[in-house]
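Take a look at the structure set out below.
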Ligand SMILES: Cc1cc2nc3c(=O)[nH]c(=O)nc-3n(C[C@H](O)[C@H](O)[C@H](O)COP(=O)(O)OP(=O)(O)OC[C@H]3O[C@@H](n4cnc5c(N)ncnc54)[C@H](O)[C@@H]3O)c2cc1C
């Protein structure tokens, strides 16, 4: 982390909540379902699909996990009724994974079953490496029963090359990202170029194996290389999609859409926005520095505008 990142991150905990809220607006679609749906409509009009995420994670009480389940059970029909071109993403620890795998399974299964009734897809996000095995197990169990669900692989993890090969055999629907969590060296690559190489290798394994991949990155080099790969493999636009976070790399997003690729924007919303922002900060101070510099207008993306 640079000295500037350290200074910015050091300052952030003392920034008053309303100011954090003001600057998070670009990345979070609001606190209510209505605000989330309004953002989803704007993105649909701009040619992007969406995946809607109710903010929250690391829940340790059954009541909170059941409330999260009910939030998604209400969100799916709301998306459907609003005619939004979109699906949902959820975090296993918000649905009770830290309490018990079976409890989380029951909650996520209820959401996936509701999604199946409505013809809506449910993405199971990937959290830190202590949850990878259990999350993949949840996914495999659900996949035995449902087609409308998918999971996430993180290129930073050393295990991902093997997981990609296994999921390709299942012709799974996989979001591939770099991974946001700071992991122990024993399980995770650290070097940016190695993570990029690992990303592209896993992407090729997945696509060649017949998996549907959500290519989730704002890294321009990876976007370009991924475009080359889908071209080389002769894939139709329906066989993959790009994915980006709300408020990030909007110029690149427009370029991808204009080039005829499908692109989905991750739209987080909900009352837990503050906890989400501060947790991200603790987990990945470098990312917080990136975001803060962007807010302050110091990022390369802003300078190019
Ligand atoms: C749709 C989507 C879903 C994701 N789901 C998961 C998940 O389930 N599990 C998981 O571990 N990770 C997830 N991630 C996060 C991902 O793992 C990376 O941490 C994140 O995307 C940054 O990596 P990058 O590939 O964009 O490359 P980077 O090199 O990190 O970023 C490229 C550029 O994008 C910009 N940028 C990237 N992220 C942000 C940001 N948050 N705010 C502002 N600017 C930013 C910066 O300008 C940066 O220079 C997801 C990412 C996306 C796009």
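The values are calculated or read from the model by the stated rules, or taken from the named source; none is laboratory data. Since we're looking at a predicted model, the values are computed, not measured. Virtual Cβ from ideal backbone geometry, glycine too; neighbours counted across all protein chains shown.
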Of the residues in the range 229-246, those that are over 18 Å from residue 211 (Cβ atoms) and crowded, with 19+ Cβ neighbours inside 10 Å come to 244, 246
Across the range 116-140, the tally of residues that are more than 17 Å from the chain's Cα centre (by Cα), over 25 Å from residue 183 (Cβ atoms) and not in a loop (DSSP other than H, G, I, E, B) stands at 3
Every residue from the range 126-154 that is more than 13 Å from the ligand (Cβ to nearest atom) and buried (at least 22 other Cβ atoms within 10 Å of the Cβ): 138, 142, 149
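Could you list, in sequence order, all residues of the range 116-125 that are within 16 Å of the ligand (Cβ to nearest atom) and either touching a helix residue (DSSP H, G or I) at 6+ places or on another chain (Cβ under 6 Å) or free of Cβ contacts under 8 Å to residues at least 24 places away in the same chain (or both)?
122, 124
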Matching residues, the range 202-224, being within 12 Å of the ligand (Cβ to nearest atom) and farther than 21 Å from residue 51 by Cβ: 220, 221
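One line per residue, one yes/no per condition, for (1) surrounded by 13 or more Cβ atoms within 10 Å (Cβ to Cβ); (2) near the ligand (Cβ under 9 Å from one of its atoms):
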residue	(1), (2)
156	yes, yes
159	yes, no
167	yes, no
175	yes, yes
178	yes, yes
184	no, no
188	yes, no
193	no, no
200	yes, no
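Filter the range 263-276 for residues that are more than 12 Å from the ligand (Cβ to nearest atom) and under 16 Å from the mean Cα position of the chain (by Cα); which is modelled with the lowest pLDDT?
273
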Any chance the range 277-299 includes a residue that's near the ligand (Cβ under 8 Å from one of its atoms), under 22 Å from residue 222 (Cβ atoms), at pLDDT 85 or above and in contact with a helix residue (DSSP H, G or I) (Cβ under 6 Å, 6 or more places away or on another chain)? no
Scanning for something in contact with a strand residue (DSSP E or B) (Cβ under 9 Å, 6 or more places away or on another chain) and within 13 Å of the ligand (Cβ to nearest atom), does the range 228-238 turn up at least one residue? no
May I ask you to list pairs of residues, at least six apart or on different chains, whose Cβ atoms are under 9 Å apart, with the first in the range 43-60 being farther than 14 Å from residue 267 by Cβ and the second being at pLDDT 95 or above and part of a strand (DSSP E or B)? 47/263
With respect to residue 253, is the statement that it is at pLDDT 95 or above and either in a helix (DSSP H, G or I) or over 15 Å from residue 58 (Cβ atoms) (or both) true? yes
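Among the listed residues 94, 52, which satisfies the condition of being within 15 Å of the chain's Cα centre (by Cα), in a helix (DSSP H, G or I) and either within 14 Å of the ligand (Cβ to nearest atom) or within 20 Å of residue 216 (Cβ to Cβ) (or both)?
When all the criteria are applied, what remains is 94.
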Here are 174, 205, 161: which of them is in a strand (DSSP E or B) and touching a residue at least 40 places away in the same chain (Cβ under 8 Å)? 174
If the requirement is being surrounded by fewer than 23 Cβ atoms within 10 Å (Cβ to Cβ), touching a residue at least 12 places away in the same chain (Cβ under 8 Å) and out of contact with any helix residue (DSSP H, G or I) (no Cβ under 9 Å at 6 or more places or on another chain), which of these qualifies: 78, 113, 82, 67? 113
